[in-house]
Structure formats: structure tokens, C-alpha cells
1. Please work out how much accessible surface Y347 shows to a 1.4 Å probe, ignoring ligands, DNA and RNA, in Å² rounded to 10.
2. Give the Cα extents of the range 122-199 along the principal axes, in whole Å, largest first.
3. Considering all alpha-carbon pairs of the range 52-134, what whole percent are spaced by more than 19 angstrom?
4. Quick check: net charge around R239, other residues with Cβ under 11 Å of its Cβ, Lys/Arg +1 and Asp/Glu -1?
5. Amide H of V106 versus every other amide H placed in the peptide plane: which residues, excluding those fewer than 5 positions away on the same chain, fall under 5 Å?
6. Could you order E302, E416, E402 by accessible surface area, starting with the largest, using a probe radius of 1.4 Å?
7. Measure out, as a whole number of angstrom, how far apart the alpha-carbon centroids of the range 252-285 and the range 205-220 sit.
8. At a probe radius of 1.4 Å, what is the per-residue accessible area of R92, in Å² to the nearest 10?
Amino acid sequence: MNKFVMAALGGTIAGVVATTQFVGPLLAQEQASKASVYEQLDLFGDIFERIRAQYVEDVEPSDLIEAAINGMLTSLDPHSSYLPPEDAEDMRVQTRGEFGGLGIEVTQEDGFVKVVSPIDDTPAAEAGIMSGDFITHVDGESVLGLTLDEAVDLMRGPVGSEIVITIAREGADEPFDVSITRDTIKLTAVRTRLEGDTVVLRVTTFNDQTYPNLAEGLQARIEEAGGLDAVNGIVLDLRNNPGGLLTQAIKVSDAFLNAGEIVSTRGRDPQDGERYNATEGDLTNGKPMVVLVNGGSASASEIVAGALKDHHRAVVVGTKTFGKGSVQTVMPVRGDGAMRLTTARYYTPSGRSIQALGVSPDIIVEQPLPKENPTDAEEGNNPFSRSEADLRGALNNDSLTEDEIQQIEEDRAKAEAAAALRIEDYQLAYAIDILKGLNVLEIDKSE
């Protein structure tokens, strides 16, 4: 028995020695790391004091500290940044749905400011700014070398004032100037309308008003159509939607799902991961859906498109989305400012991150650039086209009643209206055609 006790005791002592030998280098390494950090902070202090004492012009110490903080954050990724008090308040106002500016969501790429998307019915959209445009100059001043916040500051100004931005656009031979008058941007989160028998839900942003606007607008259009049975499907238009609040993206997705995961987020610590699931209650009772996306669909838009696609709830149509698969947390800091820090990545229900990849449509449909002078033939108004009915003395159709003939003419008028929409918005017309085809298949099955 004594032998066993000694053996056990010996094992314990050996374990203690081994642990001590292992922890010792770790403690030394941690202490060295702390010493290195303090040395770097001392270096920062030295440089700070030299700038204050020897820079060619006087500088505000607070400006230097703010620039250093922002530089530290922006070095992490394009979406982390420091928000001074004024910018922090602007951001809070923007999430409520009204703010001053041009009406564009921007990011930074290769040192230039890149337009993620113009916001509907804003000065930027009306001036023809497009998703994917690069802003190279603001009022003649180059933005190359500026941080994103510095470039955005150049574009800010009083409501009613004019700004000239220089745009480099793919397909354009040379950069060109665009003059825009700043205005108060009032975001209408969701616009709804009927296109024939289809309800079109145009979601422009994800702010506090998005889900309430969507639910209210959807119900109004269903009543306008004469009830849900009279609706052949839903088009959820997320094109040029730069995103917004994660909570609203979850609510919009949940509006069309009865169960299953909507999105999950994963931070540095696996224990900090979150999963968000749908609840019972599809506002459309399972009506066919098409989701429209393009390169200006980012962040929250991609969460919705990814969730509906992975659950096979909707056909996703358009072009590849922007690919912003990260979550930013806004944290208040002393002095009424805020820190916007990337804290997690988000994943679609299939477990796939879309970071830098985007959501790929089920059906790729490019949006043709609008033609300045479409011909009558392109618009379907060819004066030389003729049919049997136009011929003098043509026989009447004796197999149909007057009511049946009238119904055919009404159906033809709807089809012609849909064809005309292809000139105005080809992608939307394509989405509506898909829903019509799905409904034809359903009718054939029931018969």
C-alpha cells in the first residue's frame, strides 16, 4: 500500500514540477508583452509631445488624440471607426430615419471612396449616382489618402449648399463631375405598390421604421388587390439597400418564415455567438416570393436574402451582393462620442459566411443601362405591325362570348403593361414574370 501512496505522491510532485516549468515561460512571455506595450505607449507619448513642440503650426492636442484613436480603429477593417460627439448624434438620428446630406452609403476601396448605394429619392439618386461609382474628388480636392470619415466630412455641409463630386465609373472613358445640392434626407424605409397581381415591396434601408412600414404597406396592398387570394406573389426589392439594423433584418426575414434559423453571429469567443430563429406566422401565408438584389445590397439586405434563399422561401434574382458579412457594435465612450467596432461575423442558415463573397442569386439578371432614345419598335409601338384583326373583311371569332373576348383583351393589356415595365426596370419585370410562371404551374397542378 505504501508503494502505491508513494507512487501517487511522486506523480503529484512531478506534475507540480512540470506545471511550474510550463507556466514559467508563459509568465515571462506575458510580462515581456506588457513591457513591450508600455514601451509603445511611451513612444506614442514622445511623438505626441514632439508634434506639439516642433510641428510647423499649432495643433490642438484633442485633435491629435482623436486622430490617433480613429487611426487605431480604421486600421482594423473598413467598418470600425471613432465617432466624435457630432457624428455619433448624426448616426443616432440616421437610424431614426431622418438626417442631412447627399443620400449615399459609402465605403473605402483602394484609397478611394466607393458608393455602396444611393438612397432612393435623395439628391445623390436624382443626380444619377450609381452603386459601384468611385468618388475621387470633392469640390476639386482629392480624397486619395484620406480616411473614410475625413472624406465623408468633406461631403457634409449645410442643407441647400452645392457640392461637386468627381466620379470614376466603370465603362466611362473619363472621370466626370456631378453637381449635387445637399438636402435633408428623409428615409422612407419601405415603399409598396401593386404591379398587376404582384405586390412589390421596395425596402430602401433597415431603420426603426422598416418592419412596421413593411407590415402596414403589405396589408394595404393586399386589401387593394381584393384579398390575398387575388395576389399571385411578392417581390421583395432589396437592390441598392446598404443595410442598417440587424434587429430589423431579423424581423423582415421572420415576416415571411414560420420556423428555422434566420442568421447567426460569431465573435472572437465562441460563447458569444448568437442564433436568431423565425417564429410562427408568415404575413403572406406562403405566397411565392422573388427577392431582387444587386451589388448595392449590403449587410442587413444580405441577411434577409440569405435567409430566404437558404430556406427555399424565395427565388433570389439579380446580381451578386456587396459581401459585407460583419457586425458592428456601437459603444458609447466618454465625452459623448462613440466607437463603432466590428465584433462578429454573421452566417446564413446554411452556416456560410458571405464576407467578401456576397449572396449569389439563383438567377443572374443584369440591369441594362437605360437608353436615352428608345425607338418606337423597342417600346412595342411599331406603327407597321399588323395582325389578322387589322385586315379588311376579316372573319369574327365565333367561339367566344363578348365577356370572354373582353377578358382576353384585359389580360393582353396587363401583359403589354408588364412588357413596358421591362424598359423601365428589366430586373423587376423579370421577377414578376417568374411569379406569373410559378402561378401558371400551380393552376395546372390544381386542374
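The values are calculated or read from the model by the stated rules, or taken from the named source; none is laboratory data. In this text, all values refer to a predicted model and were calculated from it rather than measured experimentally. All Cβ positions, glycine included, derive from the backbone under ideal geometry; neighbour counts span all protein chains shown. Side chains are part of the model used for accessible areas, which takes the heavy atoms of the whole protein and leaves out ligands, DNA and RNA. Shrake-Rupley method; radii C 1.70, N 1.55, O 1.52, S 1.80 Å.
1. Rounded to the nearest 10, the figure is 40 Å².
2. Dimensions of the range 122-199 along the principal axes of its Cα atoms: 50, 33, 21 Å.
3. That tail contains 56 percent of the Cα-Cα pairs.
4. Charge balance in the 11 Å sphere: -2.
5. V116
6. Working: E302 0, E416 115, E402 145 Å².
Ranking E302, E416, E402 by accessible area, largest first, yields E402, E416, E302.
7. A separation of 18 Å, based on Cα centres.
8. The accessible area of R92 comes to roughly 90 Å².
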